[in-house]
Structures are given as structure tokens and as C-alpha cells.
Amino acid sequence: MPPDTAAAVIGSGYSLGTAHEGAENGPFFLRTLSKAHLWGAERPGIVELRRGRVPLERAVDIGDVVFDGMTLDDAQEALSQVVAALPATAVPAVIGGDHSVTLPVVRALWKRRQRPFTVVQFDHHLDLQLWDGAPTRDLPRERIFNTNVMSHVSDLVGPERLLQIGMAPYTTVEADSADGLDGHLKGVGRQLPLLAPELDDPDAFRALVGSGSDVYLTVDIDVLDRSVMSSTGYPAEVGLGTRDLLRLIDWVLRDNRLVGFDLVEFAAPKDARDATTLGDAGRAVLVFLHLLNRACRQSAGRA
């Protein structure tokens, strides 16, 4: 890999951290549908209409991590080692896989970087350990799974460095925990659910996100409304539109630097060829391309 590589695309196709099958096929579908952007050009070049040619020559696809026969712990360690071995200039661009993929990537970056970073999560779900009543950071952490992965991430980076965006406006907990949930959530991070007014106010949104920081973005594709994304384990009855998500990503990165990202929880049988699945995969590709574009542009000084 060239030492000045801007981004390294890594396929992390496993569903070891979820009760649903299909997430292991995320890299296959995104790579397959990405070919729609190449059409019949002899030497294809992708152009962003407002900013010019996308410098994808600065990105390298290193293929899929092979997880055959591995446990979840083994798979996470293998992915961490791949990320740790990347050149310092390379932004890991990870295609999941279920959401537990996020933790080993963040862990590897956290160990090798001198400067801390903020984790920004786009998701229809909190993916926090909410099934106990005490403040989250004081609880024994249960084994990593896609439903509590962000609790593990918060334990690593600290609640002041976790921002969760796009969640459903309501969640369910045990009745005796409900009154303490607000404090529970503040002990883990900051939340901007789907109805938060900041999602429609760029100045208020950017004030909350901050500026001049390094940012890791994790996009659980179920943050999108099920009308545009049903190929996932738990589709959102009401979620963001694709344009909304792309716009919010731009707001996050306008004054901050992207240090890594993942797109997770696209899930479908590998032999699915129906129009809904292929359309969903095409939208997931667009979100991934948008992030990859940002990583390559910032490296080239063109963000």
C-alpha cells in the first residue's frame, strides 16, 4: 500500500454480533452495486458536481478480512490488527458487517493516535446497554453485541466524545428504570433523536458538534427510513431520508477532520436480486461514496 494512501477500504462482513443473518453480505452488495458508478467508461472518473473530480486514486481497496471459523472475539481482534497495520495517513473505510464492527476499528485507532477523537453515530437505535437501572458506566459491561456496542465505545472514548444522531424519539426500558434514563444517557454520551430541532438548524447542529476536532463516523444504515432502506435487521418505521443523512454528514465534517468511518447493518441474503434489495444497496453505496470522497479530498487538501 502506498505510504500516502488517503483511505483504505476494508470489507468486514460478519454477523457474529447479531441475532440476524445477512449483514455478512454487506461488502458483497456494496462492492457489486458500486459498479453502477462506473458505467461503460474506459477509464472511469467520478465527479462531484459541486466540487469536481473525486480523487479516488488516493483510496485503496484492500479486500475483505476473512473470518471463517472465528468467534466474535477472534474476528474483532483480526479487524483491529488490520486497522492498526494501516499507514498513518490512511483513513479506515470499513464496510460491515453488523454494528459490533465499530468497536475494534475505534479501539485500534484510539491506541495508535496521539490526539483523541469524537465518535459520531448515525443510527435509528441507541445500541446502548439499557437493560439495567444504574448509570451505564458504573455497570459491569456485558459481552459485546450489536445492541450494546456503543456502550463499549463510550467506555473507551468517554461520554463527552460520543454523539448519537437520528434515533427513534422513544425507547423502552423497565418501568423502574424509566425515571433515571435521562441521567443514564448523559453518562454515556449526547443524543440528538429524530425530532431534535438541531437536525434542521445548521448553526445549532454545528455548535453542538463543535469544530477543529478529529471525528470517527459510524453509520448504521437503519438510520434511514424503511421506505428507502428495508434491507437491514431492524428497519426504521420513521427515519432520515437519504438526502438528510448526506447533509448531516456534511455538517459534521464541515469544520472537523475525518479519521475513520464504517457503514454497517446492511443485510440481505447473498442471492437476493429483487429491486428493493438492489435499490437499498445502491443507496448504501451512495452514503459510503460520500464518506470516501470526504476522506480522499481532505487528504488532497480539497475538502
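Distance between the pseudo-spin-label points of residue 177 and residue 42 (7 Å out from Cα toward the beta carbon): 6.2 nm. Listed by chain and number, the aspartates and glutamates placed with their C-alpha closer than 20 angstrom to that of residue 186 are 123, 127, 132, 138, 142, 155, 160, 174, 176, 198; residues fewer than eight positions away on the same chain are left out. Dipole magnitude for the stretch 67-112: about 340 debye, using +1 per Lys or Arg Cβ and -1 per Asp or Glu Cβ, origin at the Cα centre. Highest mean packing first, where packing is the average number of other Cβ atoms within 10 Å per residue, the peptides 215-228, 250-263 line up as 215-228, 250-263. In order along the stretch 152-165, the phi-based Karplus estimate (6.51 cos²θ - 1.76 cosθ + 1.60, θ = phi - 60°) of 3J(HN,Hα) comes to 5, 5, 4, 4, 7, 9, x, x, 6, 10, 10, 10, 10, 10 Hz; Gly and Pro are listed as x. Dipole of the chain computed with +1 at Lys/Arg Cβ and -1 at Asp/Glu Cβ about the Cα centre; of 67, 289, 16, farthest Cα towards the positive end is 289.
Taking 208, 163, 128 as the candidate residues, the one with maximal mean-square fluctuation in a Gaussian network model of the chain, Cα springs under 10 Å, is 208. Starting from the Kirkwood radius over alpha-carbon pairs of the chain, derive D by Stokes-Einstein at 10 °C in a medium of 1.306 mPa s and give it in µm² s⁻¹. In µm²/s, the coefficient rounds to 82. To put it simply, the accessible area of the chain at a 1.4 Å probe is 52 percent carbon and sulfur. Each Cα pair under 8 Å and six or more residues apart adds its separation to the average, and for the stretch 187-303 the resulting relative contact order is 27 percent.
Overall, the stretch 162-254 carries a charge dipole of about 340 debye about its Cα centre when +1 sits on the Cβ of Lys and Arg and -1 on the Cβ of Asp and Glu, all other atoms neutral.
When the Cα centres of the stretch 3-18 and the stretch 210-235 are compared, how far apart do they sit, in Å? That distance is 16 Å. Placing a pseudo-label 7 Å from each Cα along the Cα-to-Cβ vector at residue 85 and residue 35 gives an inter-label distance of 2.8 nm. Shape analysis of the stretch 192-303 places it in the oblate category; the axes a ≥ b ≥ c from the Cα gyration tensor give an a/c of at least 1.5, with a/b not above b/c. For the stretch 239-280, a crude dipole built from +1 on the beta carbon of Lys and Arg and -1 on the beta carbon of Asp and Glu, taken about the Cα centre, is about 160 debye to the nearest 20. Peptides 72-79, 48-55 ranked from most to least packed, by the mean per-residue count of other Cβ atoms within 10 Å: 72-79, 48-55. Counted by Cβ distance under 9 Å from residue 97, the other residues give a net charge of -4, where Lys and Arg count +1 and Asp and Glu count -1. With 0.36 nm allotted per residue and the present C-alpha distance subtracted, the residue 186-residue 114 stretch has 23.3 nm of extension available. The local environment of residue 37, defined by Cβ-Cβ distances under 12 Å, has a net charge of +1 under the rule Lys, Arg +1 and Asp, Glu -1. Highest mean first, the peptides 195-207, 6-18 sorted by other C-beta atoms within 10 Å per residue fall in the order 6-18, 195-207. Across 98, 123, 61, mean-square fluctuation computed from a Gaussian network of the chain (C-alpha pairs under 10 Å connected) peaks at 61.
The values are calculated or read from the model by the stated rules, or taken from the named source; none is laboratory data. Worth saying up front: this structure is predicted, and the values here are computed from it rather than measured. Ideal geometry is used to build each Cβ from the backbone, glycine not excepted, and the neighbour counts take in all protein chains shown. The protein model used for the area step is the full one, side chains on, heavy atoms only, and it has no ligands, DNA or RNA in it. Shrake-Rupley method; radii C 1.70, N 1.55, O 1.52, S 1.80 Å.
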